[in-house]
Amino acid sequence: MNYIFYFLIVVSIIIGAINGRLQEVVNALMSGAELSVKIAISLIGIMAFWLGVMNIAEKSGLIAWISKLLKPVTRILFNEIPSDSPAVGDIAMNFTANAFGLANAATPFGIKAMEELQKENDDKSTASNSMCLFLGMNTAGFQLIPTTVLAVLVGIGYKNPTEIIAPTLFVTLIAFIGAIVLAKVFQKFYPTGKVNKEVQDD
Amino acid sequence: MTNLLNLISLWALPVLLITVLTIGILKKVPIYEEFTEGAKDGFKVAVNIIPYLVAIIVGISMFRASGAVEMIANGMASVLSKFNVPTDTLPLMIVRSLSGSAALGVFSDIAHNSGADSFATKLAAVMVGSSETTFYVLAVYFGAVGISKIRYALIVGLLADIIGIVAAVLVCNLMFA
């Protein structure tokens, strides 16, 4: 992350200078900082709402039930966390919300899942394999119906906007599977934060 | 089929809410207390992610303002035109990993400029619809739990984005070209 951050800032300034857009780059710094806080603040309400709903789902045993239901799948994908961890239920909620295009519910669910994964993590500043896998699956943006895109297409008078649903679904599935496979391959080449505990829990 | 899908989209959220609340009541969970207890974290999480969001979004905003996206797109143009990729869609391929709102903006531009039923619009629609903003997801999800050493997470996210782009080009060429 240190190099990425360095790259983004320094390369932007150099390329901006070459293109004669240094002023725009500096302006982008200010507006970007402001935008970040706006995004975070605008998340508070919806985040609070869904975290509240999630707490009910957890206390009523619903999350545990979903976790149990998905055990066969998650035991293979997330084999490093205990299969009765609430993280599994949170991950399931996150994907359900994503699949139905409920982006503002998916984010709090995903954060909840990350918090649960963090509890299983030995080194709190370094991402665990499970966290990287979960993040990769989320960046692939699996969604059944691309609602925003459809809205734009309808807006410009596209004759048959629904014809893009099938190809979009196919592409997002490919990227989703790709992310899972890549995460599983890459985890072999990147050491975890701390040496794994020599505890066999099975 | 589409109507059914739209219907599911519309009802997904209400059904989820009714289910969670009803199960809560049936299981004698004090749902109001538990709701407010959980909701308390909303503020904390939002504040926690601010430093991570600032780092990522400032970096991305500067990168986009510098004209680097156009430079990369121009560099790739000659290669990608061989694969029947309209040049209009090149900036989109780069931007869609960086910023969701910017990607939607570029997509709207393409749709307006190249016409509703053009190949470029269809390809752009599939590319935008099939992706999530990798950098944003990274900042929010890892930021919320204070992860700063991300290991291979970004590489995997970006490689998956590239896989998505290639798949989008192939599928759209098969279906729409």
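The values are calculated or read from the model by the stated rules, or taken from the named source; none is laboratory data. Model, not experiment: these values are computed from the prediction. Cβ atoms come from the backbone with ideal geometry, glycine included; neighbour counts cover every protein chain shown. Note: accessible area is taken over every heavy atom of the protein model, side chains too, but ligands, DNA and RNA are not part of it. Shrake-Rupley method; radii C 1.70, N 1.55, O 1.52, S 1.80 Å.
For region A:61-193, the per residue solvent-accessible surface stands at 39 Å², with DNA, RNA and ligands left out and a 1.4 Å probe. Rounded to the nearest 500, the helix-only mean residue ellipticity at 222 nm of chain A stands at -23500 deg cm²/dmol, with each DSSP H run of n ≥ 4 adding -39,500 (n - 2.57).
When all protein chains stay in place and ligands, DNA and RNA are ignored, the 1.4 Å accessible-area order of B:66, B:148, largest first, is B:148, B:66.
Interface A-B: total buried accessible area of about 8300 Å², 1.4 Å probe, protein heavy atoms only. Couplings 3J(HN,Hα) of region A:27-39, computed from phi: 4, 5, 4, 4, 5, x, 4, 5, 4, 4, 5, 4, 4 Hz, in residue order, whole Hz [Karplus 6.51 cos²θ - 1.76 cosθ + 1.60, θ = phi - 60°; x for Gly and Pro]. In terms of accessible area, using a 1.4 Å probe and ignoring ligands and nucleic acids, A:90, B:41 rank largest first as B:41, A:90. Shown for region B:58-177: the carbon plus sulfur share of the solvent-accessible area, taken with all protein chains present and a 1.4 angstrom probe, equals 64%.
Solvent-accessible surface (1.4 Å probe) assigned to residue A:93 amounts to roughly 10 Å².
Ordering A:188, A:59, B:27 by accessible surface, largest first, gives A:188, B:27, A:59; the 1.4 Å probe counts only protein heavy atoms, with every chain in place.
Rounded to the nearest 20 debye, the dipole magnitude of the protein assembly as shown is 180 debye, with +1 charges on Lys and Arg beta carbons, -1 on Asp and Glu beta carbons, and the Cα centre as origin. Other residues whose C-beta falls under 14 angstrom from the C-beta of residue B:49 contribute a net charge of +1, scoring Lys and Arg +1 and Asp and Glu -1. Can you tell me the orientation of helix A:2-18 relative to chain A, as the angle in degrees between its alpha-carbon axis and the longest Cα principal axis, to the nearest 10? It works out to around 10 degrees. Residue A:122 contributes an accessible area of around 60 Å² to the protein surface, as traced by a 1.4 Å probe with all chains present. For residue A:76 and residue A:2, the FRET efficiency from 1/(1 + (r/R0)^6), where r spans their Cβ atoms and R0 equals 41 Å, is about 0.80. Magnitude of the charge dipole for chain B, about its Cα centre and with charges confined to Cβ atoms of Lys, Arg (+1) and Asp, Glu (-1), is about 340 debye. For region B:77-177, trypsin sites (Lys or Arg not before Pro) are listed when DSSP marks them as loop and at most 10 other Cβ atoms sit within 10 Å of their Cβ; the list is B:82.
Count Lys and Arg as plus one, Asp and Glu as minus one, and take only other residues whose Cβ is under 13 Å from that of residue B:66; the net charge is then 0.
The trypsin sites (Lys or Arg not before Pro) of region A:65-154 that DSSP puts in a loop, and whose beta carbon has at most 15 other beta carbons within 10 Å, are A:124. Taking θ as phi - 60° and the Karplus parameters 6.51, -1.76 and 1.60, the scalar couplings of region B:64-80 work out to 5, 5, 6, x, 5, 4, 5, 5, 5, 4, 4, x, 8, 3, 5, 5, 6 Hz in sequence order, x denoting glycine and proline. Along the positive direction of the dipole of chain B (beta-carbon charges: Lys, Arg +1; Asp, Glu -1; about the Cα centre), which of B:147, B:173, B:107 reaches farthest? Selected residue: B:147.
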